[in-house]
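The values are calculated or read from the model by the stated rules, or taken from the named source; none is laboratory data. All figures in this text were calculated on a predicted structure; none of them were measured in a lab. Here the Cβ is made from the backbone with ideal geometry for all residues, glycine too, and neighbour counts use every protein chain on show. Just the protein is used for accessible areas: all its heavy atoms, side chains included, with ligands, DNA and RNA removed. Shrake-Rupley method; radii C 1.70, N 1.55, O 1.52, S 1.80 Å.
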Amino acid sequence: MGKLKIGIVGCGGIANQKHLPALKANADLNEIVAFCDVVEERAKKAAEEFGVPGARVYTDYKELLKDEEVEVVHVCTPNVSHSYITVDAFEAGKHVYCEKPMSHSTEEAEKMVAAWKKSGKKFTVGYQNRFRAEVQNLHASCEKGELGDIYYGKAHAVRRRGVPTWGVFPDKSQQGGGPLIDIGTHALDITLWCMNNYDVESVSGSVFYKLGGLQQATEGNLFGPWDPETFEVEDSAVGFIKMKNGATIALEASWALNMLESREASTTLCGTLAGAEIHSGMSYTNNELIYNRGRNGQLMEEKLSPVGGVAYFGGGGGEEGTVDNRQWLEAIINDTEPLVKPEEALTVTKILDAIYKAADQKKEIRFDD
């Protein structure tokens, strides 16, 4: 098999910060032959920088899907469009890498999984944080049973003031939600994956619209003041997830919250033999992994050596993105499973959707109902 032929749908921030640099770093396995964006200039610019000579530019993704040379489609568009673009891509006979989250709703995510199963093609979702060194270490430890029975976890996605002020992030009609669906999704994915537990019993939660509409709350925002008049999504949310085996996960997510510690794409796991915490985010110069357990009559803490900065904070194709894309391309070439499986990503979307619904309906959402 020669190099895989890639088509990019959506040439905005996540494409330029993650997908395109990562694909370029794996140029021995792929070449980008087609680019699509509703803003033609964005697609042209991406094609000039990352495409092969003569790369095609489209403003309608359906035209890109008709391009017979395109074998693999990367969906890098706002959340609410993930489902129909992905479904159409599978029906056109393409492999699909969809940016996180899988979708903004359970119903739309289920359509994506159904289309994937019918297509016989490969499918993955952009949870590249699994490839960070400390996450890989923790997952390996959990697989070996070194933490014992993991019965409590916390998924951390908290920023003090890190509201994105570009693109459509505060637009609920385009994104479906705010920090819960944007960054909470990464923390939840890491936690579920390390616990290897996707059997949900019930979900409850609270969603807060407190700071987004306050002009004075914009002070100190990392990306500059946001516009309170157009801020439609929540600024923070918390969820409480009960699993069928009795394990429990607490999820916290915010773009703006008056809390000192900023932990993002992080997890805390408590097992019967040991515990572990990943620290990453704006409060940490380097990502940390700390194990805690009793040994020789004393409590001990063990740390992984420092491994670097926060994924994609400030842009750039981080190492985990490069590794993520390489294993994805190799899964297609070698006909193996990608690390991030569609069923796992579907469960993440189901939980996030249930937190929004639980907060709106003021009741616990049971998954067996």
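So here's what we get for this one:
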read-out: Subset of region 165-208 [under 12 Å from residue 78 (Cβ atoms) and either in a loop (DSSP other than H, G, I, E, B) or of a type in the set (Asp, Glu) (or both)]; value: 167, 168, 169, 170, 171, 176, 177, 182
read-out: Residue match in region 231-242 (condition: surrounded by fewer than 18 Cβ atoms within 10 Å (Cβ to Cβ) and within 17 Å of residue 192 (Cβ to Cβ)); value: yes
read-out: Residue that is farthest from residue 208 (Cα to Cα), among those in region 347-364 that are surrounded by fewer than 22 Cβ atoms within 10 Å (Cβ to Cβ) and of a type in the set (A, V, I, L, M, F, W, C); value: 358
read-out: Test: residue in region 253-261 that is under 30 Å from residue 140 (Cβ atoms) and assigned to a loop (DSSP other than H, G, I, E, B); value: yes
read-out: Any hit, region 278-289, residues being farther than 16 Å from residue 148 by Cβ, of a type in the set (Phe, Trp, Tyr) and open to solvent by 60 Å² or more (accessible area, probe 1.4 Å); value: no
read-out: Close pairs from region 152-180: first under 22 Å from residue 80 (Cβ atoms) and of a type in the set (D, E, K, R), partner modelled with pLDDT of 95 or more and open to solvent by less than 30 Å² (accessible area, probe 1.4 Å), Cβ under 6 Å, at least 6 apart; value: 172/233
read-out: Every residue from region 24-33 that is within 24 Å of the chain's Cα centre (by Cα) and closer than 18 Å to residue 85 by Cβ; value: 32
read-out: Hits in region 265-302 (condition: in contact with a Pro (Cβ under 9 Å, 6 or more places away or on another chain) and not in a strand (DSSP E or B)); value: 285, 286, 287
read-out: Yes/no for residue 195 being open to solvent by 20 Å² or more (accessible area, probe 1.4 Å) and among the hydrophobic types (A, V, I, L, M, F, W, C); value: yes
read-out: Residue in region 43-59 that is within 27 Å of residue 353 (Cβ to Cβ) and free of Cβ contacts under 8 Å to residues at least 60 places away in the same chain present; value: no
read-out: Subset of region 317-340 (residues that are open to solvent by less than 60 Å² (accessible area, probe 1.4 Å), at pLDDT 95 or above and assigned to a loop (DSSP other than H, G, I, E, B)); value: 338, 339, 340
read-out: Verdict on residue 227 being within 28 Å of residue 294 (Cα to Cα) and surrounded by fewer than 16 Cβ atoms within 10 Å (Cβ to Cβ); value: no
read-out: Residues (out of contact with any helix residue (DSSP H, G or I) (no Cβ under 6 Å at 6 or more places or on another chain) and open to solvent by 20 Å² or more (accessible area, probe 1.4 Å)) located in region 122-150; value: 133, 136, 137, 140, 143, 144, 145, 146, 148, 149
read-out: Any hit, region 151-167, residues being at positive phi and open to solvent by 30 Å² or more (accessible area, probe 1.4 Å); value: yes
